[in-house]
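The values are calculated or read from the model by the stated rules, or taken from the named source; none is laboratory data. Note that the structure is a prediction, hence the values are computed from the model and not measured. All Cβ positions, glycine included, derive from the backbone under ideal geometry; neighbour counts span all protein chains shown.
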Amino acid sequence: MIRSLPRSKAYNWSFNCFIILYFVFLFAPLVVTCVLAFNNSDFPSLPWKGFTLDWFLSSGPERIGLFHDDQNLRSILTSFQTAFFVSILSVIVGTCASFLFEKEEFRFKGLLYFLMLAPLVIPGVILGISLLLASNTAGTYFDETFGLDFEVFRPSFWLVVLGQFSFITTFVTLVVSARLRKFDHSLEEAALNLGASQLGVIWHITLKFLRPAIIGAGAVAFLMSFENFNTTLFLVGSEPTLPINLYLQVRDGSTPVINAVSLMLIVGTSLLALCNLYFSKREE
């Protein structure tokens, strides 16, 4: 509807109700989860039985808080390590891929671009199973043929990193490519005419222009890796990431410490998103 046109009271009322219901639908479960992290109950659900910080600070023996829960802390550290390596690899490869597809012309470019997008439409479960079977096959071949045992071919930390990298790098490529399409290539030509080297032009001009997109893509890659479940479930070894650990706790029965973990994740991801937004606006 055109904003300059008059709107009826019924339209304004229904529009406001829709906005309110939409945000209630989005944030009500998160608010309930955060509130239950302080519930003085042995179960991660209603009813409310009073305020407590036990699920964060208690050291036992009846209750173990998040900051004394070695299992959850190890899984959080594993998720951070995984997300760090995945985001670094994805940013490097994704940025190079965006240069390849946006600045170069070569045979079968359209086909390769389509193959790059394939992980976006393949379900994470199928991708995880395929990667597991491929790695097991490769590991068996090297073991039987050369007597070599590579850990990366077994369910392990590095196989999770490679598995997540295989599809997260596509998102990074799309984000950086969208920014690169807006770049004025005459700036590069002017710098080259003034005697700058090709590497110097890329480093001081092109990458500087792409910096907001690269930072944003890196933040998205980090968050996607940190919360990934479907693909990671089939590739994880003896070091489960946080989503896998939370799934096992919910399946077997858990205490409200799971709500405490959720609260910390909500706060952490919100701060990361705000920092990313701040630096992106600052760069622009």
Out of LEU248, LEU263, which single residue is crowded, with 19+ Cβ neighbours inside 10 Å, of a type in the set (A, V, I, L, M) and over 20 Å from GLY216 (Cβ atoms)? LEU263
Residue count for the stretch 220-253, restricted to those that are within 21 Å of THR269 (Cβ to Cβ), outside any helix (DSSP H, G or I) and either modelled with pLDDT under 90 or within 15 Å of the chain's Cα centre (by Cα) (or both): 3
Every residue in the stretch 202-257 that is basic (Lys, Arg) and free of Cβ contacts under 8 Å to residues at least 12 places away in the same chain, please. LYS208, ARG251
Looking only at the stretch 157-171, decide whether some residue is free of Cβ contacts under 8 Å to residues at least 24 places away in the same chain and of a type in the set (Gly, Ala, Ser). no
I'd like the full set of residues that are in contact (Cβ under 8 Å) with a residue 12 or more places away in the chain and over 27 Å from ARG74 (Cα atoms), limited to the stretch 123-139. PRO123, ALA138, GLY139
Given the structure, is VAL161 under 26 Å from TYR113 (Cα atoms) and in contact with a Phe, Trp or Tyr (Cβ under 6 Å, 6 or more places away or on another chain)? yes
Just to be sure before I move on: is SER197 more than 30 Å from LEU133 (Cβ to Cβ) and at pLDDT 90 or above in the structure I sent? no
Scan LEU194, LEU187, LEU199, LEU180 and give me the residue that is loosely packed, with under 14 Cβ neighbours inside 10 Å, in contact with a helix residue (DSSP H, G or I) (Cβ under 7 Å, 6 or more places away or on another chain) and either under 16 Å from VAL93 (Cβ atoms) or without any contact (Cβ under 8 Å) to a residue 24 or more places away in the chain (or both). LEU187
Residue in the stretch 166-187 that is among the hydrophobic types (A, V, I, L, M, F, W, C), in a helix (DSSP H, G or I) and in contact with a Lys or Arg (Cβ under 8 Å, 6 or more places away or on another chain) present: yes
Quick check: anything in the stretch 37-47 of a type in the set (A, V, I, L, M) and surrounded by 10 or more Cβ atoms within 10 Å (Cβ to Cβ)? yes
Of the listed residues (ALA196, ALA213), the one being part of a helix (DSSP H, G or I) and of a type outside the set (S, T, N, Q) is ALA213
